[in-house]
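Coordinate-derived values only; no laboratory data. All values derive from a computational prediction rather than experimental measurement. Cβ sites come from the backbone with ideal geometry, for glycine too, and all protein chains shown count toward neighbours.
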Amino acid sequence: MNPKLLFWVPVALRLALVLAGVGVLWWLFGVVPALAVAFLIMLSVAFVQLKYLSQLSGWLDDPQSGRLPDGWGEWTAVFSRLYRMRRDDEKNQAELTEWLARFRQAMHLLPDGVVIMDDVLFLEWCNPAAEAHLGLRQDRDKGMRVTNLIRSPEFMDYIILGRYDQPLTLSFRERKLIVHIIPFENRRQILVTHDVTETERTEMMRRDFIANASHELRTPLTVIVGFLEIAASEDLDYATRMAHLKLMTEQGHRMQHLIEDMLTLSRLESVDHPMRPEPIDVRTLMERVLRDARALSAGKHQITLEVDGPDIRGSADELHSAFGNLASNAVRYTPTGGNIRLSWGASAKGGAKFVVEDTGIGIDPEHISRLTERFYRVDKSRSRETQGTGLGLAIVKHVLLRHGGSLSIKSEAGKGSSFTVCLPAGG
Ligand code: ADP
């Protein structure tokens, strides 16, 4: 039924009832008693209305303070409607608070920075990622102009030009950030920052790797092409031809080593190639490493091996490649007559350790932290002369990473070096 009718029909009925009662009194007792009763009824109705009005006014002043009365007559409907409104309101409020909490949590976890600014770029709110990216502090910087907080000429120019359809690549506080500004309601603006420092670094490493690898391959290739051109244009005697062929073969081997090492590195880095641990027969592995080192040394060094340590689990091929690289470096960087000692033992942390010590040329301290970088060499010509690719220690580092191990290097120029590999118990 129509709500207005619902309100007026009982009112009209009650009024009619009162009027009829007063009419009957008039007819029975005359006008004065009837008017007196009517006046009393009016007075009590007015009193009831005023009482409910005062209760309503008190409740409106502080709706949380207490319950509304049940009311009488039309007041019952009014109070129950108000009560329902308050309940709905409380429910909405609770939902809103929950949504806000969820929104804040999401913003806290977001890896991208979000800064909300007003129409004149005053900071209103920012999330923790924005604090980290831009050096802001929500509590300290709220209400300050963002251009005074992000002090960078590139950022200033971006704001002045106002071409927000294009993102800005910003170098700020040793980070590389992609910055977007998005205008939204009430002329407010959102600034979003995305940290690409790591991606840029990987991209730079990739570019450097390609440049280095191309450079490394170009040198032997130039030598081979040079000899081939001579052979094609000149009639060489047998001895010269054989000498050229020997040099070309050497350069070919150099390219072969380089490509093999690059493939090994790429395999070790590939996520599609997980390490499959297997029990390792350490003694056999160590004897293989010793045999290879002696073959490379060709009797020029005294090489010894001691095996007295626990067995481990891991990839035998990968560990052979890592230990082989360390042993071959010792041979290649130790002058004839030097001593090389290979040893396998227990480590202090309950795992195993492999140590390669030599009495070779040693390394100056400033180079030590960079030795595992790809293509890093202390002395390029010596490395090349001994068939080095500059990738050996990078391979060692990757193998150890996959085995949860570590490499430490001690060396003194002119005296010798010691490379220690620590591997966890069980591999
Ligand atoms: P390379 O193929 O040039 O030997 P590595 O990555 O194996 O490349 O080693 C990097 C550099 O570390 C070498 O070029 C060399 O300068 C230095 N190095 C490695 N092992 C030794 C060692 N036992 N004694 C002296 N220098 C070493």
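Springs between alpha-carbon atoms under 10 Å, Gaussian network over the chain: tell me which of THR389, THR240, THR249 tops the mean-square fluctuations. Fluctuation is largest for THR240. Residues of the range 171-185 falling in the label zone of TRP99, defined by backbone nitrogen less than 20 Å from a point 7 Å along Cα to beta-carbon, are 184-185. Multiplying the residue separation of LEU245 and SER214 by 0.36 nm and removing their Cα-Cα distance gives an extension gain of 8.8 nm. Mean silhouette area of the range 199-269, derived from the convex hull of its C-alpha atoms and averaged over all directions, reads 5.5 nm².
When only alpha carbons of the chain are considered, Rg and Dmax amount to 43.8, 157 Å. Dividing the convex hull volume of the alpha-carbon atoms in the range 110-195 by its residue count gives 86 Å³ per residue.
Do the sum for the chain: with -39,500 (n - 2.57) for every DSSP H run of n ≥ 4, divided by all residues, what is the mean residue ellipticity at 222 nm, to the nearest 500 deg cm²/dmol? It comes out at -19000 deg cm²/dmol, rounded to the nearest 500.
Springs between Cα atoms under 10 Å define the GNM used for the chain, and in it the highest mean-square fluctuation of ALA239, ALA132, ALA20 occurs at ALA20.
Charging the Cβ of each Asp and Glu at -1 and of each Lys and Arg at +1, and nothing else, the dipole of the chain about its Cα centre rounds to 840 debye. Taking the chain as a Gaussian network of alpha-carbon nodes connected by springs under 10 Å, the highest mean-square fluctuation of the residues SER44, SER152, SER321 belongs to SER44. Between GLN256 and ILE41, the contour length at 0.36 nm per residue exceeds the alpha carbon distance by 65.9 nm. For the range 111-172, trypsin sites (Lys or Arg not before Pro) are listed when DSSP marks them as loop and at most 14 other Cβ atoms sit within 10 Å of their Cβ; the list is ARG137, LYS142, ARG151, ARG163.
Comparing the range 151-240 with the 2.2 N^0.38 Å rule of thumb, its C-alpha radius of gyration ratio is 2.17 (two decimals). Computed over the alpha carbons of the range 3-93, Rg followed by Dmax gives 17.8, 60 Å. Restriction of the GluC sites (Glu not before Pro) in the range 339-427 to DSSP coil positions whose beta-carbon has at most 16 other beta-carbons within 10 angstrom yields GLU373. FRET efficiency for the ALA106 to THR202 pair, using the beta carbon distance and R₀ = 25 Å, is estimated at 0.35.
State, as an integer percentage, the relative contact order of the range 30-184 based on alpha-carbon contacts under 8 Å between residues 6 or more apart. It comes to 10 percent, rounded to a whole number.
The loop-placed chymotrypsin sites (Phe, Trp or Tyr not before Pro) in the range 1-84, going by DSSP, that have at most 16 neighbouring Cβ atoms within 10 Å of their Cβ come out as TRP72.
Between ASP139 and ALA348, residue separation times 0.36 nm minus the direct Cα-Cα distance comes to 70.4 nm. Short to long, the 10 Å bins of the Cα pair-distance histogram for the range 339-427 hold 16, 45, 32, 6, 0 percent of all pairs. With contacts taken as Cα pairs under 8 Å and at least 6 residues apart, the chain reaches a relative contact order of 9 percent.
Note on LEU17 and SER418: the model spin-label points, each 7 Å out from Cα along the C-beta direction, lie 10.8 nm apart.
Based on Cα contacts under 8 Å between residues 6+ apart, the range 3-93 shows a relative contact order of 16 percent. In the structure shown, the pairs LYS176/LYS397; LYS300/LYS397; LYS349/LYS410; LYS91/LYS142 are assessed against 23 Å; a Cα-Cα span above that value is assigned to LYS176/LYS397; LYS300/LYS397; LYS91/LYS142.
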